[in-house]
Amino acid sequence: MSAPNRVYLARLAGVTVFDPNGDQVGRVRDAVARIRPAQQQPEVVGLVAEMPMRRRIFLSINRITTIEADAVVLGSGTLNLRRFEKRPSELLVLEEMLDRRVQLEPNGQAASVVDVAMERARDGEWSLTRVAVREHTGRLSRRGNLHQVEWDRVPGLTGVADARGTANLLAVLEEMRPADLANALQDLPDTRRNEMAAALDDERLASVLSELPERDQVEILAALDRERAADVLEEMDPDDAADLLNELPQPEQDLLLDLMRPGEADPVRQLLKYNPGTAGSVMTSEPVIMPPDATVAEALARIREPQLSPAVAAQVFVARPPLATPTGRYLGMVHFQALLREPPADLLGGVVVNDIDPLRPDTPLPEVTRRMATYDLVGMPVIDQNNRLVGAVTVDDVLDQSLPPDWRDRDNPSEPTLTGPALDGGHG
């Protein structure tokens, strides 16, 4: 194996895993160690890699030929694709040990775990041998010393933690996309998941909540104080906030809406009025809307704004002022590809397309799907009886409704099963 004799595992998180042909398999998310009796150092038996479609698999340490700062390389392209499940005698090093509060021997100094190192012996076996810890000073203005200690100087590293922080595990996870971070949170025990979620800032937590199953969304929101929950709801897209509030009892809905700023709560209240299974119930009330006298250049600048999702930025809806929904009279839409073909100084009113009938708020979702598929659209306008734009249904809304209700759940029974030879001793 081409690898340093000592590897700090938090630094390995997120590193790309390649097969022998150089094809990407996934990314390292954790290490699996087997607990041994009599204070022996745990044996590292493998890594957990996350593959596309959020599937986590086990990679035996014996199948890894190279460990470098930017790559882990496997010795075989054949994988056991069964979903990883931890056994009772095992621990996930990063998930269970980072931020654990411990007392160092022999003086009982309080500290928190920052990283854990695995080390290879002469016989090729990898074990957890050293721990990077930060001492607690008790002073708010000063961070404690960071240093490395031998494994046997840190009792209580396995088993249930008495107290945990969140900073170091969050640092490992911070580069993940919201969907991947949501997936990682589902692997944590409920209490730890809620702690980690609460430690995210409002904007990050809002984006992660939108990627979680409804059950987990509700439980995380319930664990927050009401003012913080309202702040997070304000950061969510109105349609996602409305979907989440729909899962709560009416008194709780009303309380949270009252705590939100009126400008953020009003579009959510409006969405909650629409019947489930209709265009109104899934649409976004904040599509890209511009007046007919705006230029093509201004429209292109607007859809380049980074906070817009690709589906929302794929088209510009043109309407008379006011431009907040419900708008003035709806005039039509312009797809971003058409904008690229037009002179930058041209006005939107001259390139707008209105030859496809808009949706109504009560249009059933099967009809919405059929019409979007018929015309190869990634977004469609929704107008009221007065021809005012009230929102837009985008392709991600349609996909979300077309998939099984439990599609975000890590353990949902409707997920397709991947098959492959049992390469890693049947671990799964």
*Given (1) over 17 Å from T327 (Cα atoms); (2) open to solvent by 10 Å² or more (accessible area, probe 1.4 Å), where does T394 come up short, assuming only one miss?*
(2)
*Number of the exception - A230 against (1) of a type in the set (G, A, S); (2) within 23 Å of the chain's Cα centre (by Cα); (3) surrounded by fewer than 19 Cβ atoms within 10 Å (Cβ to Cβ)*: (3)
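Please verify whether Q24 is modelled with pLDDT under 90, open to solvent by 20 Å² or more (accessible area, probe 1.4 Å) and polar (S, T, N, Q), treating the condition exactly as stated. Can you show your working first?
Numbers: modelled with pLDDT under 90: no; open to solvent by 20 Å² or more (accessible area, probe 1.4 Å): yes; polar (S, T, N, Q): yes.
When the stated conditions are applied, Q24 does not pass them.
Quick check on region 349-366: of everything there that is assigned to a helix (DSSP H, G or I) and out of contact with any helix residue (DSSP H, G or I) (no Cβ under 6 Å at 6 or more places or on another chain), which residue is least open to solvent (accessible area, probe 1.4 Å)? I'd like the intermediate steps shown before the answer.
Just the residues of region 349-366 that are assigned to a helix (DSSP H, G or I), to begin with: 349-350, 365-366.
Checking which are out of contact with any helix residue (DSSP H, G or I) (no Cβ under 6 Å at 6 or more places or on another chain) leaves us with 349-350, 366.
Details: G349: 42, G350: 72, P366: 102 Å².
So the residue we want is G349.
Yes/no per residue for (1) among the charged types (D, E, K, R); (2) touching a residue at least 24 places away in the same chain (Cβ under 8 Å):
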{"residue": "L347", "(1), (2)": "no, yes"}
{"residue": "V351", "(1), (2)": "no, yes"}
{"residue": "D362", "(1), (2)": "yes, yes"}
{"residue": "E367", "(1), (2)": "yes, no"}
{"residue": "M372", "(1), (2)": "no, yes"}
{"residue": "D376", "(1), (2)": "yes, no"}
{"residue": "M380", "(1), (2)": "no, yes"}
{"residue": "D384", "(1), (2)": "yes, yes"}
*Which of (1) open to solvent by less than 70 Å² (accessible area, probe 1.4 Å); (2) under 19 Å from V382 (Cβ atoms); (3) not in a helix (DSSP H, G or I) does P267 not meet, given it meets every other one?*
(3)
*Please go through region 32-78 and pick out each residue that is under 22 Å from the mean Cα position of the chain (by Cα) and exposed (fewer than 14 other Cβ atoms within 10 Å of the Cβ).*
P52, M53
*Number of the condition not met by L81 [criteria: (1) of a type in the set (A, V, I, L, M, F, W, C); (2) within 24 Å of E150 (Cα to Cα); (3) surrounded by fewer than 22 Cβ atoms within 10 Å (Cβ to Cβ)]*: (2)
_Subset of region 303-334 (residues that are in contact (Cβ under 8 Å) with a residue 40 or more places away in the chain, over 25 Å from N275 (Cα atoms) and not polar (S, T, N, Q))_ = A314, A319, M333
*Return a yes/no flag: does region 232-245 have any residue that is modelled with pLDDT under 95, in contact with a strand residue (DSSP E or B) (Cβ under 6 Å, 6 or more places away or on another chain), within 27 Å of D362 (Cα to Cα) and not in a loop (DSSP other than H, G, I, E, B).*
yes
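Could you list all residues from region 203-231 that are of a type in the set (D, E) and either assigned to a helix (DSSP H, G or I) or under 21 Å from T394 (Cβ atoms) (or both)? Don't jump to the end; show me each part of the working.
Just the residues of region 203-231 that are of a type in the set (D, E), to begin with: 203, 211, 214, 216, 219, 225, 227, 231.
Once the filter is applied, which keeps residues that are of a type in the set (D, E) and either assigned to a helix (DSSP H, G or I) or under 21 Å from T394 (Cβ atoms) (or both), region 203-231 yields E203, E211, E214, D216, E219, E227, D231.
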_Return the residues of region 84-128 that are open to solvent by less than 20 Å² (accessible area, probe 1.4 Å), of a type in the set (V, I, T) and under 26 Å from the mean Cα position of the chain (by Cα); say none if nothing qualifies._
V93, V113, V116
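Could you grab me the full set of residues in region 294-326 that are more than 20 Å from L340 (Cβ to Cβ) and open to solvent by 30 Å² or more (accessible area, probe 1.4 Å)?
Step one: of region 294-326, the residues more than 20 Å from L340 (Cβ to Cβ) are 307, 319-326.
Matches in region 294-326: Q307, R320, P321, P322, L323, A324, T325, P326.
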*State whether the residues of region 367-389 include one that is among the basic types (K, R), open to solvent by 80 Å² or more (accessible area, probe 1.4 Å) and within 28 Å of the chain's Cα centre (by Cα).*
no
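The values are calculated or read from the model by the stated rules, or taken from the named source; none is laboratory data. Because the structure is predicted, anything quoted here is derived from the model rather than measured. Reconstructed Cβ throughout: ideal geometry from the backbone, glycine too, with neighbour counts over all protein chains shown. To get the accessible areas, we keep the full protein, side chains included, count just its heavy atoms, and leave off ligands, DNA and RNA. Shrake-Rupley method; radii C 1.70, N 1.55, O 1.52, S 1.80 Å.
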